[in-house]
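Trainee: Got a structure here, written out as structure tokens. Questions coming.
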Amino acid sequence: MNMAPENTTGELLTRMRYHPQLIGNTHLPALHGGTIGALLETAAIFHLLWEMDNAALPRIINITVDYLRSGRPVDTLARAAFTKLGRRVASVAVEAWQEDRSKPVGAAQIHFLVTPVK
């Protein structure tokens with residue numbers, strides 16, 4: 001799906017580059033909701049791995065995705081932030097947008113089980 005982290009603005013963002021195969025509704029055209037959900041999840045995992053020292057790959061406990069508007073056929077960006085970081089559970093809020101950050105296309109709240117690498 002061509003997603004990659006980038007840190008050019010001083011904050012960790014995840015970019016999903018547009019490709020015609022990401023379209024779910026060809027009449028609009030609009031991105032498939034699953035691609036937006038996958039971007040939100042991937043951005044949260046990148047954020048966890050970036051911020052946590054000595055952590056294994058986090059496992060999802062639950063995820064709630066809110067689809068806020070149709071995703072147009074352009075690149076989509078996402079940013080994640082900790083809501084709470086405990087010893088075993090991390091709560092991460094993620095927001096995805098396209099050209100205007102004030103108009104998100106999706107948001108998610110994700111809880112992860114995190115365990116240190118021994």
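Trainee: Mind counting the residues in region 26-60 that are within 19 Å of Leu77 (Cα to Cα) and more than 16 Å from the chain's Cα centre (by Cα)?
Mentor: The total comes to 2.
Trainee: For a quick check of your reading of the model, give me the residue pairs whose first member lies in region 102-115 and is hydroxyl-bearing (Ser, Thr, Tyr), whose second is part of a strand (DSSP E or B), with beta-carbon atoms closer than 9 Å and at least 6 apart or on different chains.
Mentor: Filtered contacts from region 102-115: Thr115/Ala55; Thr115/Arg59.
Trainee: Only residues that are modelled with pLDDT under 95 and charged (D, E, K, R): list them for region 85-99, please.
Mentor: Of everything in region 85-99, those that are modelled with pLDDT under 95 and charged (D, E, K, R) turn out to be Arg87, Arg88.
Trainee: Also, quick follow-up: Taking the conditions exactly as written (within 17 Å of Glu6 (Cβ to Cβ) and without any contact (Cβ under 8 Å) to a residue 40 or more places away in the chain), does Ala81 satisfy them or not?
Mentor: yes
Trainee: Further, regarding this structure: Taking the criterion of being in contact with a helix residue (DSSP H, G or I) (Cβ under 9 Å, 6 or more places away or on another chain) and in contact (Cβ under 8 Å) with a residue 60 or more places away in the chain, would at least one residue in region 56-71 satisfy it?
Mentor: no
Trainee: Which one of Ile63, Ile110, Ile23 is modelled with pLDDT of 95 or more, hydrophobic (A, V, I, L, M, F, W, C) and over 16 Å from the mean Cα position of the chain (by Cα)?
Mentor: Going through Ile63, Ile110, Ile23 in turn, the sole match is Ile23.
Trainee: Right, another one. What strands (runs of 3 or more DSSP E) lie completely within region 4-118 and have 1 or more residues being surrounded by fewer than 15 Cβ atoms within 10 Å (Cβ to Cβ)?
Mentor: 23-25, 59-67, 76-85, 89-97, 104-113
The values are calculated or read from the model by the stated rules, or taken from the named source; none is laboratory data. Just so it is clear, the structure is predicted and the values come from calculations on it, not from any experiment. Reconstructed Cβ throughout: ideal geometry from the backbone, glycine too, with neighbour counts over all protein chains shown.
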